[in-house]
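> Pasting in a structure now, in structure tokens, and then I'll have a few things to ask.
The values are calculated or read from the model by the stated rules, or taken from the named source; none is laboratory data. For clarity, every value in this text was computed on a predicted model and none was experimentally measured. In case anyone asks, the SASA skips ligands and DNA or RNA and just uses the protein heavy atoms, side chains included. Shrake-Rupley method; radii C 1.70, N 1.55, O 1.52, S 1.80 Å.
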Amino acid sequence: MLKIFLAILFLTNICFAQQEAASAPTAEEDSFWSNVGNDFISPFVNPTGQKVLLGGFAITSGLLLTREFTVDPLQEDTVKKKPMGAYSKYGDISGQTLPNILYFAGMEAYSFFADDPEAHEFAVVMLKSTLYSSVVTGVLKDVVQEPRPHDENDKTSFPSAHATRAFAFAATVNELHGSSWGIPAYALATAVAYSRMNDNRHYVHDVLAGAAIGASYGISISQRYKNKKSETDFAAIPTGDGLALTFRYSF
């Protein structure tokens, strides 16, 4: 699935790079790789993204320092009671990129049939938020090598990829469509994260770290898109008769 996202991202950015090269061949800041780099580091330079990312990992660190009194008792109680019961399977399904893919496909379809270029842009933002946050989570899994609560031989517990993808989806929806859609999306993401504890697949610090990564990318990449769009929607071009306004978009 990740390879498919990567391929779509590459082709999409190549198209944007070619469009920009045609209008501004010397604009280095609009190149494919500079856009990839800026998107990837966006949570580290965006003020809101920084707060979400650092706050999430601060809470995660606090839980790990008090693990004996917080993480382990909570995990034991959750697994014993299984508050979500059989409904946790829907959290598992939702955390496997399904809402992200449906959003992407829906926006692309709407863009095509309704001739709405902004819907395509929204789809690309969702794609990027999901991809970059998933890459970071995947790298951390390989580096940290924390055993899962149900199987010590499976060392892919930290952070939770389900929570990462779910909160990347929720944060992107909230930023692009407002709280009326964002609140239900965050509720779904929370259910996804809790279902991983309910099923004994992750500890609470796993899902919190994943949520912080996903949300920070969803917020930062969405805000980067909105800021860049607002700056480049209309550019003042000097002409012989004064100023002329022309539409210009870069991503």
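> What are the residues in the stretch 141-161 that are of a type in the set (Asp, Glu), in a loop (DSSP other than H, G, I, E, B) and open to solvent by 30 Å² or more (accessible area, probe 1.4 Å), if any?
Correct list: Glu152, Asp154.
> Does Ser195 qualify as being of a type in the set (Gly, Ala, Ser) and open to solvent by 30 Å² or more (accessible area, probe 1.4 Å)? Full working, then the answer.
Details: of a type in the set (Gly, Ala, Ser): yes; open to solvent by 30 Å² or more (accessible area, probe 1.4 Å): no.
Taking the combined requirement at face value, the residue does not satisfy it.
> Consider Glu152 carefully, then state whether it is acidic (Asp, Glu) and at pLDDT below 95.
Numbers: acidic (Asp, Glu): yes; at pLDDT below 95: yes.
Against the criterion (acidic (Asp, Glu) and at pLDDT below 95), Glu152 qualifies.
> Test of understanding: among Gly106, Gly62, which residue is more than 16 Å from the chain's Cα centre (by Cα) and within 20 Å of Tyr194 (Cα to Cα)?
Details: Gly106 fails: within 20 Å of Tyr194 (Cα to Cα).
Selected residue: Gly62, the only one of Gly106, Gly62 that is more than 16 Å from the chain's Cα centre (by Cα) and within 20 Å of Tyr194 (Cα to Cα).
> A follow-up question, please. What is the residue count in the stretch 198-228 for residues that are open to solvent by less than 30 Å² (accessible area, probe 1.4 Å) and over 17 Å from the mean Cα position of the chain (by Cα)?
To start, the set of residues in the stretch 198-228 that are open to solvent by less than 30 Å² (accessible area, probe 1.4 Å) comprises 198, 202, 204-207, 209-222, 225.
Remaining after also requiring over 17 Å from the mean Cα position of the chain (by Cα): 198, 202, 204-205.
Qualifying residue count, the stretch 198-228: 4.
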